[in-house]
Amino acid sequence: MAKTNGKTLQELATMVGGRIVGDGSVLIRSASTLGRAGKEDITFLANAKYEKHLATTAAAAVVVAQEMPANTPLLIAKDPYYAFMQIVVELHGHRTHKKTGISPRASISATAKIGQDCDIHDFAIVADGAVIGSRCVIYPGVFIGPDVTVGDDCIFYPNACIYDNSVIGNRVIIHAGAAVGEDGFGFATHGGMHHKIPQIGIAIIEDDVEIGSCCGIERGTLSDTVIGQGCKIGDLVAIGHGAIIGPYCLLVPQVGIAGSTTIGHHCTLGGQVGVVGHITIGNNVTIGAQSGVINNIPDGQTVVGAPAIDIGRARRAYSLIQYLPDMKQSIRRLERELEDMRSGQEDEQV
């Protein structure tokens, strides 16, 4: 990322409500990691296990939670990672989008309604009855189906596909190749054949949601699929028909959620987590990577494994796995010894 004209460390500290230990006049022009930062870069320390790198980093300054020994100026902030995020935005900003207006090579239905200051690129398609809010950016190849409703300030990257009747809130970002409102995986098996069930619900994406590349979010079979406000969904995530994801959840790439599952607010699902259908996951739940969830999970729990269990029990259980072969041999030896003892007792009785 290109370097900027920069800010002094004191200016950045004032912006994030932090305080300086050391020289606040140093110029910061970019951001980087502890290991790669140079003399004009700021970095951060949010995990204590990396504290040893403070002695060797070449960074101009480090954002930390508390004062500690270091060979570089420190910016003390209550939440270092959040403060660092604010600094990166200040120094570099978010991706900008070229102002193109509405391309003559876009296909926009005469019955569609387009808000003010939208940029609709070549070969985008906006179908009959669709309503697009103001200041939206629609990249090439995007398909917005019939009677779709889109809020303000949305960004749809190339080849995103929004199926008919879907409802998209404000400030939603949908990355390349994602599909919203596709048919749910619903079939009735009869006579050895799988018969498609009409999916008559819709998909609803609430405000401030970001959906990663190549995600599939199914419409509901009878009820709606809902992605709650502020959720962030990684690449290659599949969300089944009628699932309800509460506000501010984080779904890391390759998560799969089966239909009719309800997930509470502020939950985090690690990479490749699989969740069966028709269960309820509470609020503030954390599910470790590659876990398989087959039962309801109450509020506040952290679970790992397949099947997923409480992390405390899992640590004890999984720590024994490496010893299972030896334990098996020991059990067999004890069984033989017990059998020998029984045989000896029988011989004595005779």
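Here GLN199 passes the criteria (1) of a type in the set (S, T, N, Q); (2) surrounded by fewer than 19 Cβ atoms within 10 Å (Cβ to Cβ); (3) part of a loop (DSSP other than H, G, I, E, B) except the one numbered (2). For the stretch 24-37, the count of residues that are closer than 13 Å to VAL63 by Cβ and of a type in the set (S, T, N, Q) is at least one. Residues that are more than 24 Å from THR96 (Cβ to Cβ), polar (S, T, N, Q) and in a loop (DSSP other than H, G, I, E, B) within the stretch 1-57 comprise SER25, THR33, ASN47, THR56, THR57, listed in sequence order.
Quick grid of which residues meet (1) at positive phi; (2) hydrophobic (A, V, I, L, M, F, W, C); (3) buried (at least 23 other Cβ atoms within 10 Å of the Cβ); (4) touching a residue at least 24 places away in the same chain (Cβ under 8 Å):
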| residue | (1), (2), (3), (4) |
| --- | --- |
| GLN229 | no, no, no, yes |
| GLY242 | yes, no, yes, yes |
| PRO253 | no, no, no, yes |
| ALA258 | no, yes, no, no |
| THR262 | no, no, no, no |
| CYS267 | no, yes, yes, no |
| ILE281 | no, yes, yes, no |
| ASN296 | no, no, no, no |
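Has the stretch 89-109 got any residue that is under 30 Å from the mean Cα position of the chain (by Cα) and either in a strand (DSSP E or B) or crowded, with 19+ Cβ neighbours inside 10 Å (or both)? Looking through the stretch 89-109, at least one residue is under 30 Å from the mean Cα position of the chain (by Cα) and either in a strand (DSSP E or B) or crowded, with 19+ Cβ neighbours inside 10 Å (or both). Within the option set ALA55, ALA46, ALA112, being at pLDDT below 95, within 30 Å of CYS214 (Cβ to Cβ) and of a type in the set (A, V, I, L, M, F, W, C) holds for one residue only, ALA46. In the stretch 206-242, the residue that is farthest from VAL180 (Cα to Cα) out of those that are among the charged types (D, E, K, R), in contact with a Ser or Thr (Cβ under 7 Å, 6 or more places away or on another chain) and in a loop (DSSP other than H, G, I, E, B) is ASP235. With respect to being surrounded by fewer than 19 Cβ atoms within 10 Å (Cβ to Cβ), more than 28 Å from VAL209 (Cα to Cα), among the hydrophobic types (A, V, I, L, M, F, W, C) and not assigned by TED's automatic domain parsing to the domain that holds ILE211, ALA37 falls outside the description.
Residue-wise test of (1) within 21 Å of GLY212 (Cβ to Cβ); (2) assigned by TED's automatic domain parsing to the domain that holds CYS215.
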residue	(1), (2)
ILE239	yes, yes
ILE245	yes, yes
TYR248	yes, yes
GLY259	yes, yes
CYS267	yes, yes
PRO298	no, yes
GLN301	no, yes
VAL304	no, yes
ASP326	no, no
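Residue-by-condition table, conditions (1) closer than 30 Å to SER32 by Cβ; (2) of a type in the set (A, V, I, L, M, F, W, C):
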position: MET85; (1), (2): yes, yes
position: LEU91; (1), (2): yes, yes
position: ARG95; (1), (2): yes, no
position: LYS98; (1), (2): yes, no
position: PRO104; (1), (2): no, no
position: SER109; (1), (2): no, no
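The values are calculated or read from the model by the stated rules, or taken from the named source; none is laboratory data. Please read these numbers as outputs of a predicted model, since none were measured by experiment. Every residue, glycine among them, receives a Cβ derived from its backbone with ideal geometry; neighbour counts consider all protein chains shown.
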